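The next block holds one structure in the form of structure tokens; read it before the comments.
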Amino acid sequence: MEIHLNRVDYIQVGVTSQKTMRLLPALGKKATQKVAIADHDGILTCFGMKKGEAVPVFKTLPGQKIARMDLGGAVGTPQEKIFVCSGSQVRGFTKKGKQFLTFEANLTESINAMHVSGADLFVCASYIYNHYCDCKDQDYYLSGDKINDITCLSSENLTRLIPVLACQDRVLRVLQGSELAYDIEVPGPPSVLELYNRDKGKFISEILYGTTDGKIGLVQIGEDSAVTKWEIDNDKKKGGILCIDTYDIVGDGVNDVLVGRDDGTVEVYGFDSTNEPALRFEHVLSESVTSIQGGCVGKESYDEVLTATYTGWVTGLTTEPQKAEAGPGDEVKMSKETQSKVEALRAELEQLQVKVLQGREQYQQTSQSSTAVSAVPVFSVNDKFTLCQDDASYSLTLEVQTAIDNLLLQSDVPIDLLDVDKNSAVVSFSECDSEPNGNFLLATYRCQANTTRLELKVRSIEGQYGTLQAYITPRLQPKTCQVRQYQIKPLSLHQRTHSIDQDRPMNRLNLVGQFSFAEIHSWVVFCLPEVPEKTPAGDSITFYFHNTFLGTQLEATYCKGEGHFRSDNISTISILNDVLSKEATKRKINLNISYDISDDSVSHTLKMIHPKLEYQLLLARKVQLIDALKELQVHEGNADFLIPEYRNILDESANLLEEYKKQPAHLERLYGMITDLFIDKFKFKGQNVKTRVSSLLEILDNYDLNSLLEFFQ
């Protein structure tokens, strides 16, 4: 059963963070609800709808940026008290706007996640979780990785609450007091948690989670273990999940799952008879959706999905049918109410145009005087640089609160720019001199008139590390620009994982020296993505990684004075060896390095590269044939005389060219990896084989796996 929802824009506030908009409980069964929304200007706005107009209930004064919002109240009463956190402070407001609580959590960092339940307040900074009851300290926990969100389950007898933390290392941590009860592995870094069926009763044991790579799942939490009920994969490569809510919008008595993503997609998942989620509705807004709620706002008895976006737009997707469109020849009859609305808007628009003209003239006059001071307009940028597992590339998403004019990308490491379908900006490349200036990429994106969000994809080469810089220029006067920097790490295509296959042939690298735990941890952070900046608690730590491009793996175990690295790819060990010894030399630390190289691992890695290389060579050959086959087809008038294989290439030519275009330098990259593997294998044996690389390339041009394996022997 599909549902039809119509879009209505209500109001716009300042830039908003994740989970900062909530609907207050309704007074009657079908009554409309008030909306509370908080923004980066520190303003908490509460409004309701009257005769189609958004009417403010209250608005607080500006202050420090508000990072989260939650609703609370005494257990068993309507949850209509509004709690907001800014910096390390939590404030509470009544539904009329009266402030009744100011609580200083005394944290050194800002609060980025919060949950309120009765007299209990749970707050999280980057790595720290604190629980307060009646504003008194109760529990404290230091997480092993960054905390993205928190929620709490009420247990059967309500004697204790069970806090669940969503942590960046792909784990949900379930706490008991100040201790970790157990953790749950999830398929991506969880960005948001939501209680499932929050309104259906006292006892809730199920939690919905959304990940930064766009996956959704439902987990049932027990006292000492958890069960995954279902998972929705992100096959269509949509954006990461920023917010989730549950509400029966379909009207079948079962709560649907409402989802907001960072690419502006809003989704409604309903449940069929087998209790499996199915997509019932989808709508795309032009910017990321930071909050989503189900309820009744615009008109009583009509349910809707209410969203808040990054730039502060509050938009409803309502079940209320829109007025019928007038057909050709019909007189369009506007109600008096609509006519007066349109006239009021026209008058307001004229006033604004006059104000803009006056402001511009004033600016021109003052800018010519000798005492004028130019003020740089401040604008907020929401950026994300993440590794995509599916195609081993980095996705760079930039969102600005005003329209982007242009974007300049500069890199001091060799990287490829990949095509993104959603991107409508015009890209142009500039010549760059890599030798004296270390410039490997200079590209400019010119954006269309009202682009506020830009998505790019880049692919790096492991072993080459440096910085990618983005210069963002919005359409503002006077012209201004912000620079954002992104580190490309030596092992940039590695991603954290929960475990590795121990049966593969492994190469080992062992370091011994006078270094502290913090020092070797900082070197590992420098080398590998997805490692927490903070030195882990305890005396030693083990991290597992897999290479998203090749599927090879790495295990890193280290403590004070010792480091042990194991991988089935010699090149990974070689890169680590070079970078770690360089970092130790910088700090004048003497390292004792030993390695144990497995010859079997080389043929194992070549066999892992084989299907990728074979596929790319076949694709390249097919693409080379397309022009010749098309010419033959034109000459002969049809393609019936061709063998089926060639006819198939002609039929698929558009797809083949599209795929080939999307993967620039893919073949060269695989050639480069095999060449590095060859050089690294003999480097560890103390031999320099660079003179034999040309023979290796000849073998690759007439590729056959067995002859390649023989050459490596």
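The values are calculated or read from the model by the stated rules, or taken from the named source; none is laboratory data. Everything numeric here is computed off the predicted structure, so don't read it as measured data. Using ideal geometry, Cβ is built from the backbone for each residue, glycine included, and neighbour counts are taken over all protein chains shown. Surface areas here come from the heavy atoms of the whole protein model, side chains and all, with no ligands, DNA or RNA. Shrake-Rupley method; radii C 1.70, N 1.55, O 1.52, S 1.80 Å.
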When the solvent-accessible surface of protein heavy atoms is calculated with a 1.4 angstrom probe, in what order do Val250, Val426 fall, highest first?
Val426, Val250
Val483 and Lys237 label points (each 7 Å along its Cα→Cβ direction) are spaced in nm at 3.1
With a 1.4 Å probe and all protein chains kept in place, how much accessible area does Lys422 have, in Å² rounded to the nearest 10?
120
Any residue on another chain or 5+ positions along whose placed amide H is under 5 Å from the amide H of Ile541 is listed here as Tyr558
Which distance in Å, rounded to a whole number, links the C-alpha centroids of the range 639-662 and the range 355-402?
46
Cα gyration tensor category, rounded, prolate or oblate, for the range 414-488 with a/c compared to 1.5
prolate
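What FRET efficiency comes out for Cys133 versus Asn439 if R0 is 51 angstrom and r is the Cβ-Cβ distance? Round to the nearest 0.05.
On the way: r = 57 Å, r/R0 = 1.12.
The calculated FRET efficiency here is 0.35.
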Calculated log₁₀ intensity ratio I(q)/I(0) where the Debye formula runs over C-alpha points of the range 349-479, q = 0.09, 0.13, 0.14, 0.22 Å⁻¹:
-0.38, -0.69, -0.76, -1.34
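Suppose we take every Cα in the range 596-646 and form the convex hull; what volume per residue is that in Å³?
Details: hull volume 3.7 nm³, N = 51.
Output value, Cα hull per residue: 72 Å³.
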What does the accessible area of Lys690 come to, in Å² to the nearest 10, when a probe of 1.4 Å is used?
130
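Which value results for Rg/Rh of the range 558-680 when Rg is the Cα radius of gyration and Rh the Kirkwood radius based on the inverse mean 1/r?
Working: Rg = 23.1 Å, Rh = 18.5 Å.
Result for the range 558-680 is an Rg/Rh of 1.25.
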Kindly state, to the nearest 0.05, the FRET efficiency for Glu698 paired with Glu348, given R0 = 56 Å and r defined as their beta-carbon distance.
0.15
Go from 0 up to the bin containing the longest alpha carbon distance in the range 666-713, width 5 Å each, and give me the % of pairs per bin.
5, 21, 34, 26, 11, 3, 0
Once you have a ≥ b ≥ c as the square roots of the Cα gyration tensor eigenvalues for the range 1-86, tell me rounded if a/c is under 1.5, and otherwise prolate or oblate according to whether a/b is larger than b/c.
oblate
Please list, ordered by chain and number, the residues whose modelled amide H lies under 5 Å from the amide H of Leu153; skip anything fewer than 5 residues away on the same chain.
Ile162, Val164
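Return one whole number: the accessible area per residue of the chain in Å², for a 1.4 Å probe. Show your work: numbers first, answer last.
Working: 35030 Å² over 713 residues.
I get 49 Å² per residue for the chain.
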Between Thr77 and Ile3, Cβ-based FRET efficiency (R0 30 Å, step 0.05) works out to 0.40
Taking every Cα atom in the range 514-629, find the radius of gyration and the maximum pairwise distance Dmax, and write them in Å.
18.9, 66
May I ask you to compute the full-extension gain from Leu709 to Gln389, defined as 0.36 nm times their residue separation minus their alpha-carbon distance, rounded to one decimal in nm?
112.4 nm
Give the accessible area for Asp272 in Å² (nearest 10); use a 1.4 Å probe, count only protein heavy atoms, and leave out ligands, DNA and RNA.
70
Using the basic label-point model (7 angstrom from Cα toward the beta carbon), what is the Arg508 to Asp41 distance in nanometres?
6.3
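Give me the Å³ per residue figure for the convex hull around the C-alpha atoms of the range 79-181.
So the per-residue hull volume is 100 Å³.
Restricting to DSSP H runs of at least four residues, report the calculated mean residue ellipticity at 222 nm for the chain, -39500 (n - 2.57) per run over all residues, nearest 500 deg cm²/dmol. Display every interim value, and only then the final one.
Working: 10 runs with 156 residues, N = 713.
That comes out to -7000 deg cm²/dmol.
How long are the three semi-axes of the equivalent ellipsoid for the range 454-559, computed from the Cα gyration tensor as the root of 5 times each eigenvalue, in whole Å, largest first?
Working: eigenvalues 224, 69, 27 Å².
Each semi-axis is √(5λ); the values are 33, 19, 12 Å.
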Over the range 353-404: Rg over Rh, Cα atoms, Kirkwood Rh:
1.31
How big is D, in µm² s⁻¹, for the range 615-695 by Stokes-Einstein at 4 °C and 1.567 mPa s if Rh is the Kirkwood radius over C-alpha pairs?
84
How many nm is it between the label spots at Leu279 and Glu337, if each spot is 7 Å from the Cα in line with the beta carbon?
3.5
List the residues of the range 491-520 whose backbone N lies under 14 Å from a point placed 7 Å from the Cα of Ser598 along the Cα-to-Cβ direction.
500-509
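With the alpha-carbon atoms as the only input, what is the per residue convex hull volume for the range 152-276 in Å³? Mind showing how you got there, number by number?
Details: hull volume 13.2 nm³, N = 125.
Roughly 106 Å³ of hull volume per residue.
Over 23 Å between Cα atoms: which of Lys215/Lys457; Lys588/Lys683; Lys560/Lys681; Lys19/Lys59; Lys51/Lys96; Lys612/Lys681 fall into that group? Each step should come with its number before you reach the end.
Working: Lys215/Lys457 20 Å; Lys588/Lys683 25 Å; Lys560/Lys681 29 Å; Lys19/Lys59 18 Å; Lys51/Lys96 21 Å; Lys612/Lys681 21 Å.
Exceeds cut-off: Lys588/Lys683; Lys560/Lys681.
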Distribution of pairwise C-alpha distances over the range 579-621, 10 Å bins, in %
22, 22, 22, 22, 11, 0
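Apply the a/c threshold of 1.5 to the C-alpha gyration tensor of the range 1-152 and tell me whether it is rounded, prolate or oblate. Don't skip to the end; give the middle numbers.
On the way: a/c = 1.71, a/b = 1.67, b/c = 1.02.
Because a/c hits 1.5 or more and a/b exceeds b/c, the range 1-152 counts as prolate.
Taking every eigenvalue of the Cα gyration tensor of the range 214-302, multiplying by 5 and rooting it, what semi-axes result, largest first, whole Å? Don't jump to the answer; show the numbers that get you there.
Numbers: eigenvalues 98, 68, 33 Å².
So the three semi-axes of the range 214-302 are 22, 18, 13 Å.
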For the chain, projected area of the alpha-carbon convex hull averaged over all directions, nm²
42.1
Per-selection Rg to Rh, the range 85-145 - Cα, Kirkwood hydrodynamic radius:
0.98
To the nearest 20 debye, the range 1-45 has a Cα-centred charge dipole, built from +1 on Lys and Arg Cβ and -1 on Asp and Glu Cβ, of 300
Note: Thr402 to Ser540 extended length (0.36 nm per residue) minus current alpha-carbon separation gives 45.0 nm
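How much of the accessible area of the chain, probe 1.4 Å, is carbon plus sulfur, in whole percent?
Within the chain, the accessible surface is 49 percent carbon and sulfur.
Given a 1.4 Å probe and heavy atoms of the protein chains only, how would you sort Asp676, Asp568, largest accessible area at the top?
Asp676, Asp568
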May I ask for log10 I(q)/I(0) of the range 279-422 at q = 0.16 Å⁻¹, from a Debye sum over the Cα atoms as equal point scatterers with solvent left out?
-1.20
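As a test of reading the structure, rank Glu343, Glu80, Glu658 by solvent-accessible area (1.4 Å probe, protein chains only), most first.
Details: Glu343 120, Glu80 55, Glu658 80 Å².
The ranking, largest first, comes out as Glu343, Glu658, Glu80.
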